[in-house]
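> The structure is given below, and queries will be raised subsequently.
Read-outs: derived from the displayed coordinates by stated rules, not from any lab. Quick caveat, the model's predicted, so the values are computed rather than measured. Cβ coordinates were reconstructed from backbone atoms using ideal geometry, including for glycine residues, and neighbour counts include every protein chain displayed.
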Protein chains: 4
Amino acid sequence: MTVTQDMLDCYPGELANRQVLATAIDACYECAQACSACADACLSEESVADLVRCIGIDLDCRDVCVATGGVLVRQSAADDNLTAAVLAACITACSTCADECESHADMHEHCRICAEACRRCQQACRALLTELA
Amino acid sequence: MTVTQDMLDCYPGELANRQVLATAIDACYECAQACSACADACLSEESVADLVRCIGIDLDCRDVCVATGGVLVRQSAADDNLTAAVLAACITACSTCADECESHADMHEHCRICAEACRRCQQACRALLTELA
Amino acid sequence: MTVTQDMLDCYPGELANRQVLATAIDACYECAQACSACADACLSEESVADLVRCIGIDLDCRDVCVATGGVLVRQSAADDNLTAAVLAACITACSTCADECESHADMHEHCRICAEACRRCQQACRALLTELA
Amino acid sequence: MTVTQDMLDCYPGELANRQVLATAIDACYECAQACSACADACLSEESVADLVRCIGIDLDCRDVCVATGGVLVRQSAADDNLTAAVLAACITACSTCADECESHADMHEHCRICAEACRRCQQACRALLTELA
């Protein structure tokens, strides 16, 4: 989102890794949105009973991405240890959700799109975690 | 976000107002992100003591936008009455936050950007609310 | 929760309606928890395909209750107009979810418990809204 | 909350560690509520400029606790690997927030109460993480 970069550009304090940070924040919001939409699309499928695990993992991944996006935006009190722990959880959530969605991506276009958003978020969080180390 | 439109395009059920809905969902996420970033930028200003009301309203507006985005994405069980009530709350939250941020937008670029995101979300939610009526 | 009352007791500013406020905050958290659990229990039922609307409304109500709880806790910048709009949305969400859950409360104990939590939250939010008016 | 135990008691599937799980879920909600209230109380203090780090960490910990509570409630698709990663992040967030709040708990009663809620949540999440291993 343009607003993420614009906000980081006028941030009153110093910021390391401005571009990697912006990419990770946007990836978290995009993934949260993809997971919410995938869970809801699964609920609308006739085969919903076969998609129960996908729905649950989608909702888990959405919750974790919303929290991670919230923590990453909050740079005034950024704590590298806390940020690293949250990024690690987000990488695991995105990886788990991508694996699940990929397993039936050929049957459901929403799972294919969701898996791709999860992989982008997983990579963006890993890139930021590498910078922190 | 591209992902919002892509997900609505492959939604298994029928959807009225697809374009107006996509615009409102994206506006909620953008506004949530702008409000989070503005609250944090305010916390980083030396004049933080003068920005306490702005921080609180930013955080309120963020919470309401996250909830509204969540409800709007969930089309499998969409209830017009519930959706309308949430849109009304979001319009009020965005309008209140835009008023607050505009009142010191000339001093803080982050408040100017946040106010604009709030106005966009207010208008997108109003457009969707009009369609529901 | 004891912590809600304890926190309000040591709040640095003035607070009107301290007891009604504490009851509403706790009811929002309880209802959010009940709705999350009911959605998940529905996903675990063999008859999940018949419970799709219940799951969606549960998730909507949870999102709205989390946002409402967040706004109510934030008294430093409380804006009566914004608070009233959010309470109105929460009352509608809780009422809609209670109606849905009550309609099959005789078949699913989790829906019965969830409906009761929704009614308590609906009443607590209405009591607070009355104080604001 | 009574509702947590009641909901787990009528869960349609099998559940390991029912009591440890209920304690962790309630601790996450309590900690989220304490952190939200502490951040807001800090914003109401005259010395708000000295409490900027506390506010930011409070908000981080609240976001992580809300996500963790959401994941723990969702047992229909529980993934031990994902749950463990989220618990680890929550333990770090609670520990960081408790350390921060304890450092000025003698000056602010809300920080003392918040630190205690964070420690309870840290311990409850660790107990559950131990069961998963």
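> Would you calculate the convex hull of the Cα atoms in chain A and tell me its volume per residue in Å³?
Values: hull volume 11.8 nm³, N = 133.
Residue-normalised Cα hull volume stands at 88 Å³.
> DSSP H helices in chain D with Cα extent of 30 Å or more along the helix axis and mean Kyte-Doolittle hydropathy at least 0.0?
D:18-44, D:52-73, D:80-102
> Fewest to most neighbouring Cβ within 10 Å: what's the order for A:VAL48, B:VAL71?
Ranked by crowding around the Cβ, least crowded first: A:VAL48, B:VAL71.
> How do A:LEU51, D:LEU8 rank when sorted from fewest to most other Cβ atoms within 10 Å of their own Cβ?
Going from sparsest to densest Cβ surroundings: D:LEU8, A:LEU51.
> On to the next question. Can you list, shortest first and in nm, the gaps between the label point of A:ALA84 and those of its counterparts in the other copies, using a point 7 Å from Cα in the C-beta direction?
For A:ALA84, the inter-copy label distances come out at 1.9, 5.1, 5.3 nm.
> Same structure, new question: How high is the FRET efficiency from D:LEU15 to A:LEU15, r the C-beta distance, R0 30 Å, rounded to 0.05?
After rounding to 0.05, the efficiency reads 0.10.
> Could you let me know the centre-to-centre spacing of the stretch B:102-133 and the stretch C:56-133, using Cα atoms, in angstrom?
Value for the Cα centre distance between the two parts: 26 Å.
> Can you list, shortest first and in nm, the gaps between the label point of A:SER103 and those of its counterparts in the other copies, using a point 7 Å from Cα in the C-beta direction?
With the label placed 7 Å along Cα→Cβ, A:SER103 yields 3.3, 4.4, 5.3 nm.
> Okay, moving on. For C:VAL3, D:VAL73, which order do you get if you count the other beta carbons within 10 Å of each Cβ and list the fewest first?
Ranking C:VAL3, D:VAL73 by Cβ neighbours within 10 Å, fewest first, gives C:VAL3, D:VAL73.
> About the Cα centre of the stretch A:17-132, what is the dipole size in debye to 20, counting +1 per Lys and Arg Cβ and -1 per Asp and Glu Cβ, all else neutral?
Roughly 520 debye, rounded to the nearest 20.
> Inverting the mean 1/r over all pairs of different Cα atoms, compute the Kirkwood radius of the protein assembly as shown and quote it in Å.
For the protein assembly as shown, the Kirkwood estimate is 22.3 Å.
> Another question, then. Can you give the mean number of other chain Cβ atoms that lie within 10 Å of the Cβ atoms in peptide A:48-60?
Going residue by residue through A:48-60 and averaging, the value is 6.
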